[in-house]
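The structure appears below as structure tokens.
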Ligand SMILES: Nc1nc2c(c(=O)[nH]1)N[C@H]1C(S)=C(S)[C@@H](COP(=O)(O)O)O[C@H]1N2
Ligand SMILES: [Mo]
């Protein structure tokens, strides 16, 4: 989806959910509850703040839609971005036995998890949709370890406001606020449709954030950092997407 049509969508969504009076209320709530997204800068800033605030106030605990098993897409389309770097290839050749997820930042116990470690924790399966900002989507069963279980394990500082997460490629990184980080549907996924998570779909480890557009569901996750200051990361906009013109908050 182009930047312009995204803006149109945002404007339409705002009008539909809030109306003119609601916008004023949302602006007030945004201020009061600190619902200011990291990309609240430049000419689109106020729009991003209102979209984020309206969505957050209305949907703070609302789950993403879940589907019956019969709706699982027969031929899910992977927007393949398989990392070709030597490090990934080496891990893949070893059956991902040596894949590690580092969780650090503002936590009591910075921890390195293997896939086996994650699989030994409470698990969750959910049938949800991946929706790309370019318009296509598919439904699949995702199986993994809820992120909140991992965060409980490492002991989050009460000051933490964002979880930043990185792909092995060294380019893609994202962040989510605590509303999404602690949401029961946000899972570190290692299984798909009853099997291992295929590499094309982000295997061996992908963060599924089903309440937001596909680009928040980063594939090949190797590190997560808890922080209270998102401005310290990258260009300070919260992820690579706003650096390229897309919204940091991509709620659906
Ligand atoms: N590491 C990594 N993760 C990524 C991407 C990427 O380029 N690299 N693309 C994102 C985008 S834009 C979308 S829409 C989804 C696509 O997921 P799919 O391949 O399962 O359809 O993955 C997201 N995760
Ligand atoms: Mo996408």
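Each reported figure results from applying straightforward, stated rules to the coordinates on display, with no laboratory input. The model shown is predicted, which means the values in this text are computed figures rather than measured ones. Don't worry about glycine lacking a Cβ; one is built from the backbone with ideal geometry, like all the others, and counts go over all protein chains shown.
If we count other beta carbons within 10 Å of each Cβ, what is the order of 129, 134, fewest first?
Going from sparsest to densest Cβ surroundings: 134, 129.
Quick one: check the C-alpha center-to-center distance for the stretch 155-205 versus the stretch 97-118, whole angstrom.
Comparing the Cα centres of the stretch 155-205 and the stretch 97-118, I get a distance of 12 Å.
In nm, what is the difference between 0.36 nm times the number of residues separating residue 65 and residue 84 and their Cα-Cα distance?
That pair, residue 65 and residue 84, stretches by 3.5 nm at full extension.
Is the shape of the stretch 126-252 best called rounded, prolate or oblate, per the rule: a/c under 1.5 gives rounded, else a/b larger than b/c gives prolate, else oblate, with a ≥ b ≥ c the square roots of the Cα gyration tensor eigenvalues?
oblate
Using the count of nearby Cβ atoms within 10 Å as a rough guide to exposure, how do 223, 208, 56 rank from fewest to most?
Ascending Cβ contact count within 10 Å gives the list 223, 56, 208.
Can you sort 148, 90 so the residue with the fewest Cβ neighbours within 10 Å comes first?
Sorted ascending by nearby Cβ count, the order is 90, 148.
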